[in-house]
Structure formats: C-alpha cells, structure tokens
Amino acid sequence: MNVTFSSSGALSRAQYNLAHRLESANTAEEEDAIVREHIRAINYRLAHRPPPLSSASEILVSTLYALNYATTPLAPVMLDPILRLAADVASAGQSTKQKRIGYLFCTEVLPKGSGLFLMLVNMLRKDLESSHPPYIALALSFLINRHDDLTDALPAIQDILVSLLKHSSVPIRKRAICALSTIVISSQDGLNEDIIAYLEMRASPKILQRLKLATEDLGVRKAALSLAAHLVESGSLASQEVVDAIVPYLSDPKSPLRHRALEVLARLLPRISSSSQEDILSRNISALLKPAKHPLPSVIFVPLYRCLSALPTAMLFRASTSVLVPLRALLPSIGTNPNSAWTILTCLQLLDATLWTGAQTSEPTLPRTGIGEVLPNYLDSFTEQEVGKIMQGVYSTDSGIRHKTFIVLRKVDPSILDTYFTSLIFPPNLSSPPASRSSTPTVRSPRSPARSLPDSPSRLSGLSGLPKSRPRVVESSSRNGSRAGSSAGSVNNGITKSLDERRLHQALEVAGVLEDEGGGYAQRMRDVLTALAVSRSKDKGKGKEVDRKRVNAVDEKLVETVLIHLKTRDNNFHATFVQASLQFLKSSHASNLLRNGIPVKESASSPFVSVDDSESPSPPSPPSIPDESVQLRTPDSPSISSMPTFIVIICAVLCECCDSIAPSLNGVEIMQDLATLLKSLTASLQELIVLIIIRISALLGEEADEADQALQYVRDVIRHLQASSGRFIRKRCEQYFEWSSMNKRTHLRAVIEAAKSPTLPDFLMSLESPPPAPAPLTAISASRTNSLTPILPSPRSPSDAHKSPSSPASSSLPPTSPRTTQLRYAAYEAPPIVPHKFMSQSGFVAKPASPLRTRSSDINPFRDDPDEDAASHSDQDEDMREDFGVPSVSAGELALVVGSETLKKKDRFKARSPVQEQLFPQSLI
Amino acid sequence: MIHSVLIFNTSGTPRLTKFYTPLHQPAQPLIQKIFSLIATRPPGVCNFLDAPDLNETLRAPNTAPGDVRVVYRNYATLSFVFVVDGAESELGILDLIQVFVESLDRAFENVCELDLVFHFDEAHHILNEVIQGGLVLETNVDEIATAVQDKTRARKASLTSSNPLAIGGSSSGSRNGSLQTPMGWLTGRLTGVGSR
C-alpha cells in the first residue's frame, strides 16, 4: 500500500498501521498472524486498561476490518471481550455513530445463538421505544439482519413493530415494513406460527393502506409492495384487493414503482379470476406492449414477460396483441450488448414458443395449453432474420447466453437441439458415429446426424439451418489453427485437439438442457466421452505429435460441468445417472475383453465380467454378458481404460451422492463391479477405485455378511493388486483392509461425517487424518441405530457458526447453545441450579460459577488455545472442588486465583512457539 | 432476494462482504469461489452468470435449485458483485449496483479503494441505506445521500456535544476531510486515541 498516512484518510495511526501491515502481508498465514496479534493486543488492553466508550468505536472499527482478513476461524473466546465491548457501545453509546458501530459489530460478528443476544434484547426494545428516530432505525436494522437469532424477543416487540408502520418518519416506516418482510418471509427455521399469524393479521390492513395512499413516500410503497404479495400468498390479504391497489402504478410511465409493481403482479395474476386477468391484459399490459414514443426501459422487460407467462397463452392470442414489440426494440443491440441478448433470451424463455415462432398459429388446437378452440387471427412472429440473430447465441463465448439459447431452442422443438447435439459429437470431419450409437435404440430414440429436421414453417428456417453449421468459435479458431499449422504442425495438432474438446464441452452443455432424466444424461455424457476418446485415439493413430500424457489426461472441465449439473438436480436424477453409468462401465468392460479375445467368466450376483486369469481371483459365479456389450464390440468403441474422465466422474458422483441414493444402490454389487475393473486401469485410476470401494463399504449395513462371496472376491482382487503394485497403491489397499472390516465400519462413517464436504478430495483428507474412534455403543443404542445412519453427531461446529447471515467474521464462531428459548421475562429470577459435572454422580450440587470469575478468565488475552482452555477449566474445576462447602469467595481469594491462572497461562503461552501457533491454527476452533 | 454483496479489488481481496442468507460452509472459500467466477470471465460477455455451484451454500430453503445468479460490474479497480436469486431482475440489480456506487461516490467525494479500506464502516452504512436483510430498501441516490448526510450531521452534532475538544467531530468519511488538525492530534494524545 503505497500511500502515506496523511493522504490515506485513516482515522488514526493505529488504523493506518494495521491496514498497512495487512495489505503488505504476502500470505494468508501472515494475515492470520497479524489479525490474531491485533486481537490479543486489544484483549490485553481491554483487560488492563479498558478504554472509554468514546474511543471504543475506533477499536471496533479496526477489529472489524482485521476480521475481514482472517482466513481461518478464530476461537470464540478470543472475540468475547470485544463482543462485550461492542454490546456496551451499542447499548450505552453516547452518540449515534458510537451506537451504529456497536450495532454493526454485533450484527457482523456475534455468533448465532450467543448468550449476548439476551443482553441485546433489552437494548433493542429500549431503542425501538426511543423517541430518537436514528436509534429506532439502528434497532430495526439490527432486527432485520439478525431476526433469526431474535425470535425469542419477538413476542416482546411485535406490538412495537406494528405500531412503527405508522411512524411519522419515512425511514422508520420503510425499515419497519422491511423488518416485517424479513421476519415473515425469510425466517429460516420454525418461527412460531402464532407470532407470524399475529404479525400478518395486524400488519395487513396497514400495508394495504400504505399501498393505496397516493401521498405516501415512494420508498415506503415500494417496500409495502413486496410484503403485500406475501400477505396475499399467506391468505392475509385478498389478491384482487392488492391487484386493484397496484394496477394504477402501471399506467404511469414515469413511476419508479412500475418495475416492482410488475414483479408483484406476475405473482398475483394466477390468483385472480380470468375476467380480471383479461381486464388487466387489455387495459394495462397491452398498453406496455404497444409501440410508444419512448421505448420501455429494459429493466422492466423481464417482469413484464413474467406477467405474460402468468397468463394463459390462449388469452394472449385472443387479445391479438403482439408480445414482440418491446423485444424488437432491443434486438438491434443484441450483437453489441450481451446484456440485451441475455434479456431477450430470458423473455423468450418465459414465453410460449407459439407466441413468437408463428409455428402453430394456423393449427386448430394448442395441445400444450389445452385449448380446444380455433384460435383467432395470426399473431406476430419474428422474421427469419430476427430468429437467426437471436440464435447466434448458440455460438456465443458466454456460456450463460449459450445455455439460455439452448433452453429457448428446446422450447421451440427439442429435436432441433438434439440434431445440434449430434452435429457437435460427430462433426463432418470426423467419422460416422460408432456402431454402439445406432445399435442402442432401446435406451432412447436414435439420433442420427443425417436426421432431417421436422417440417417447420418458413419462419423457423433461421433455426433449421442451425445444426448444420459449426460453432463460429470453432471455425474462426480453426482458421487460426490451420494458419499456425502451416508453420508448426505440432501446434496445429494441439489447437485442433483443444477445439474438439471445446466442441465436446458444448455438447455436454446441450445434453444438460435436453435431458430431464439422469439415465438420458448419462447416455449423452457417454457419447461425449466416447467421442473424446475416439478423437484422441485417432490423433495418436495418425502419428501426430501428441503428448501421451494429454491423450490419457482427465478432462477437468468436463468433470466439473457434469458435477455442477448434477448439483442442480434431485436424487432421482442422481440415482438413474449412477445406474446408467455403471451399466455402461459393465458393458464397455465386457466388450473390451471380448474384443481382445480374452475369455470371460460370469457372475451370478453381478452382470460384470472378469478376465479368466488363473492367477487373478475370479468372481463367485459366472455372469451373463449384457446384451448391449455384445453390440459394443466394434473396433471404434474405446476401452474403458482410455476414458479416464468417465472413471473420475463416476467415482466423484458415487462419493458425493451414494448416501442420498443409497436405497437404490446395491453396495456389494458396485464394489464387485469396480474391483473387476481394477486390473485394466492405470495406477492413478486404481487408487481412485480403491478409495471409492472404501467409501461404499460404509454403506454396508450390519447385516452384510463378512463371508459373503462377493465381498470375498473384492478382498481377493485388492489383495492381488496389493501384491503386484507399487508402494502408493499398496498403501491404499492397506487402507481398504483397515477400514472395510465390519468392526471399523462405524468409525468409517465417522470419518465420512468428519469430512468438510462429501466430495472425494475431502473424503480422502478425512481418511488420511481420521477422527478418534467413537466409543462403542451399548447393546440397546446399537440395536436402535440404523446401520446406514451416521452414529456420530455431525461435526459442524465451525459451519454452524457460518450459518449466521453476516460477514465472514461472524462465521468464525460456533454457536454457544442450542436453539432454545433463552429469554427470561421474569426479572431477577433465581439462577437455575446446574449440577457440577464432577459432583453430579455423587449427588452434590455445585454453586453457580461466579460471574466475576468467568469474566476475568474470558477476557484473558492469552486464552486462545482450546488445550489451554481445557487445562484452565480443569484447574478451575480443581479449585471449585476445594471450594465446596465454602459459602462465598472473598475478593482477595478471587484475585489470587485469577492471578495465578494468568501466570500459569502466560507460562504456557510462552512455551508455545510461534511455529506451533502457525502449524495448528485449526486447533483454535 | 439478494443473498450477498461483495466488493473485490483486481487481485481478489474482498473490500466489503455482506451475506444476507445463512451460509452452509465457511465464508472465505465461498468468497474466493465467487471471485474466481467473475475473474475468469472474458471481456465482452454479459454481466450476469448462473452459479449453480453456489446453490448449496447460499440457497434459501424455499428457492428452486439452480436459481442462484451472480450480477457484477467493474469500476476501475473494483468489482461490485451481487449474488441474487431468480426472483430478482438482473438488469434491476445492475441498476442497483450503479445506485450503490453513485451513493458511495457522493459520500466519499470521488470514491476509491482506499475509502473502502479506511472507512469500510461507512461503506456498510451506505449499503444499509440501499439494502436491508436482502431486500431493496431505497434506489433513489438523492434519498440515500440525504440519509447518509443527515446521519453524518447528527453524528457530528452528538460527538461535538459529547467531546467539546474535538473540532468538527470525527472524519466525515472523505479522505480529504480526515486530515488531522493539531487540535485533533492533541485530543488524540490526551484521550489515548491513536496510541498503541
């Protein structure tokens, strides 16, 4: 940061120094160290020389800034003193600025479920009832941002909140509506239904009143619009009443509320009668669709077309109003402004294709809309040139625009997109599709590249020409490639390969849009990967200078595309995808063996085949070769070993989804199938397969028989692999034997639960550093536990903290208590008697710990290590055991105890080297 | 609904992060992932992108899968990124980014990255005037500027009354207005502000 203090605008030297150090840090570890050092210094200062409230806000600002840089979570205890300071500043700040910074710090950093919320509830109530509008606004902002943590406080403030809807200050009214909206709409978990019903009942008439009041502030009416839509959906307001209130907003072309009003109208249109719908269409919406002197602002396009999509298509035909006029106005900029392309495609995505292609206007019926009447006159449609312009999106370098264009194409006619997919997989310069394609008609309808397009009206000719041409990106790059190739053949090869791969990536994007079913998507993915393998093998066969590593490389982009697509789909999709992919593995493996003239054995439990090798373990009984595999015995179909991307995808998907789709999987069969593949794969893929076998073995229930023949076969294969492989694979095999036994299965589930995420890399990391084995279950609890259910609680302590809706700083803190009612409305209620953990068994009851003791230990600047915490708690427990029977602790004794603890911790802190501090940052969680 | 608002500089350092929905994973990897999404965008593409891989982390329980979108706009060395769901209009959010930037510009008088470093509480304050709890609160730049100025004025007045030695209260948030006067320096020394 090359800026001097005087020109930086920093509030103080301290802030400047902190910012300078953080900006100059080279690594995340350095940044973390600076942040921790800063917080320790602040804690030390708070413990020894507490600052006045007037200067506390500067501490909070600098700490908040520093926390923005923390890359690893901080121990909650480290932030406790600063949080207490923030709560003090928020509640007792002498100025609006101080209170605002206190509130801001609490909003961003206070962990979910913190006990400090109890203190803040009183402050919140006091500020909401204040006569000073800025204080009310601050309290409302805090309520809006942390309403999920304040559900206990809602009964105490709900009446105040409703009364604020009529406050004289506009910002207060806006925030009050916003607070109601977030509480009623966005409450994440089980807010009391009675509270919501009460709030909706009290707020509904006031919201409607605000909407109808022409003199009301625009911002307030805008806030009221969103809440009104929800109140209609919850039944608190009549839909027609709200629609009548918002329709006038549409007629004013200068109204800034038109955009929001259209959004709300789109939600409410399906709830009103068809006569009202027709009325609104003819009076209000049609007016927006007609050519006007001033074109519509593009920001209202999407809400306007959402309204149109909420109306029946037949109604739009009957209205005889062209829905394309606004889009035509935007069309000239489609080539120069990608945002216009996105907007047009989004609008077309919302419309029924018959409204703009002109394809079926002459048809007597519209099957999709279920209309059994002769439609009126011909409706407007795009010209061929216009359609062609829109469909240029297929060649866009922007994947989002390509995706939207594919969706629009699919809406027009899925067969067009299907043909385009085929043209991407089998471009003219490549050979005809492998025999497997044409010989697998049972899976889905055959897709031949020579397939003719369906008969389309002339306006669709812009679409019909589409699949025949290759993407512009490929063409232009090919030209570059050929030019480069004239000077350097190897470069040309590389570029061609990359272009082929880019084309295949696009094919996978098309597959994602075309297929709604996992099996179909898996088939298309198989087609893409087969084309990739064929393309690579042909390059290799032609003697091109192709890097061998690249030929066998995993295409990470394809893997990523598939995994991201699967994330957007449900469990049924995943299950059918996995089943179809495993089926392909089986058939491909079998055909590969037969092609090489290797006799195969058959298995009763699995249709998989294995090599008839006397040295290798053989499956328990002969399998039948799947019919499809026989058809796959063609010279063109690549072996599964030449499709590493496929293996990686299926392994990654199995690892991530096997728990959610467990009922549809046969774990033993999958393990056996994967084990059969092992011999034909490279070492890196063998490692992957062994890992997945370990992962899937966690699915096996207690009932899985250790002596099962199939499992025995898997063990034999892995033992054989262990004997014949290098050190690295041997280690994985050892891990399999270590983790797959029945008595370790519970521990393996704990390992899976301990992983940061269900992904393969995280599973491997967790396997490499497993959590301690869980205690053995008692007979009763074990019998009640489902074999597939993880036994250990989910170790989500850091991530639970991240659930608080705030800045990253807040996510460093785990919840301090479960979500239970914490607020004690009875003032000065006697503290509950908590049995001491050491004495509960013997029937003794411990007195509650002194708040002074707690505070003095909490604000200790050196208590950032859980081990130290544990040790200090242990010390405290020792002290408390000695204290039993003593009615009270004197101040002097307390000071001695606190002082000795501090000294002990200082010694420990000094003993802990900076290297240790950096090596084990996670231990501070 | 708006799930989050982020400001990055060109090297990916987050200058302001605000999440309006509960996160289901640590924030830092998520922030890096969002930056990588926009950093890898070639020039000449649109300002919106679907982000299905953010779904699990940011999606509210009642939203459809594949709904999360990223809307971003670059201004000089800063990228303003809004993560929204399908209920929001992308062009509307783009306009909102413009409103936010104009509001920052008015408050800081030619806003630059340093203002966000040294006055990021002010940046949060301005953002709170535009968005609250993931809902758009105000889109009129004049209204926002007035609200921020009103609060700054009220703050100055209350600070002056509580700290008579301070001339003009604390800095207004502007780089040019934050140069310390000798009296301010003296006040700092007396009250311990600024000393370490």
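The values are calculated or read from the model by the stated rules, or taken from the named source; none is laboratory data. As the structure is a prediction and not an experimental result, all values here were calculated from the model. In this analysis, Cβ positions are derived from the backbone assuming ideal geometry, glycine residues included, and neighbour counts consider all displayed protein chains.
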Q: Filter region B:79-89 down to residues that are buried (at least 20 other Cβ atoms within 10 Å of the Cβ) and of a type outside the set (D, E) and give me whichever is nearest to the other protein chains (Cβ to nearest Cβ).
A: B:S89
Q) Could you say whether any residue in region A:303-314 is touching a Phe, Trp or Tyr at 6+ places or on another chain (Cβ under 8 Å), modelled with pLDDT of 90 or more and either within 11 Å of another protein chain (Cβ to nearest Cβ) or closer than 27 Å to A:V220 by Cα (or both)? A) no
Q.
Which residue is modelled with the highest pLDDT, if the candidates are limited to region A:9-57 and must be among the small types (G, A, S) and more than 23 Å from A:Q98 (Cβ to Cβ)?
A. A:A33
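For every residue, the table says whether it meets (1) part of a strand (DSSP E or B); (2) modelled with pLDDT of 90 or more; (3) within 11 Å of chain A (Cβ to nearest Cβ).
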site: B:L91; (1), (2), (3): no, yes, yes
site: B:D95; (1), (2), (3): no, yes, yes
site: B:V101; (1), (2), (3): no, yes, no
site: B:L104; (1), (2), (3): no, yes, no
site: B:H124; (1), (2), (3): no, yes, yes
site: B:L127; (1), (2), (3): no, yes, yes
site: B:E143; (1), (2), (3): no, no, yes
(Q) Looking at the structure I just gave you, is B:L30 more than 26 Å from A:T107 (Cβ to Cβ) and crowded, with 19+ Cβ neighbours inside 10 Å? (A) no
Q.
Condition check: surrounded by 23 or more Cβ atoms within 10 Å (Cβ to Cβ), within 11 Å of chain B (Cβ to nearest Cβ), touching a residue at least 24 places away in the same chain (Cβ under 8 Å) and not in a helix (DSSP H, G or I). Does A:P111 satisfy that?
A. no
Q | Test: B:T63 is modelled with pLDDT under 85, more than 9 Å from every other protein chain (Cβ to nearest Cβ) and surrounded by fewer than 20 Cβ atoms within 10 Å (Cβ to Cβ) | A | yes
Q) Quick check, is A:V35 surrounded by 15 or more Cβ atoms within 10 Å (Cβ to Cβ), aliphatic (A, V, I, L, M) and either within 11 Å of chain B (Cβ to nearest Cβ) or outside any helix (DSSP H, G or I) (or both)? A) no
Q: Find the residue count for region A:1-24, including only residues that are touching a residue at least 24 places away in the same chain (Cβ under 8 Å) and outside any helix (DSSP H, G or I).
A: 2
Q) Out of all the residues in region A:206-219, which are over 33 Å from the mean Cα position of the chain (by Cα), more than 17 Å from A:V243 (Cβ to Cβ) and in a helix (DSSP H, G or I)? A) A:K206, A:L218
Q.
With the requirement that a residue be in a loop (DSSP other than H, G, I, E, B) and hydrophobic (A, V, I, L, M, F, W, C), what does region B:106-122 give you?
A. B:V111, B:C112
**Q.** Neighbours by Cβ (under 7 Å, 6+ apart or cross-chain): first from region A:299-327, under 17 Å from A:A353 (Cβ atoms) and of a type in the set (V, I, T); second in a helix (DSSP H, G or I) and at pLDDT 90 or above
**A.** A:V323/A:L308
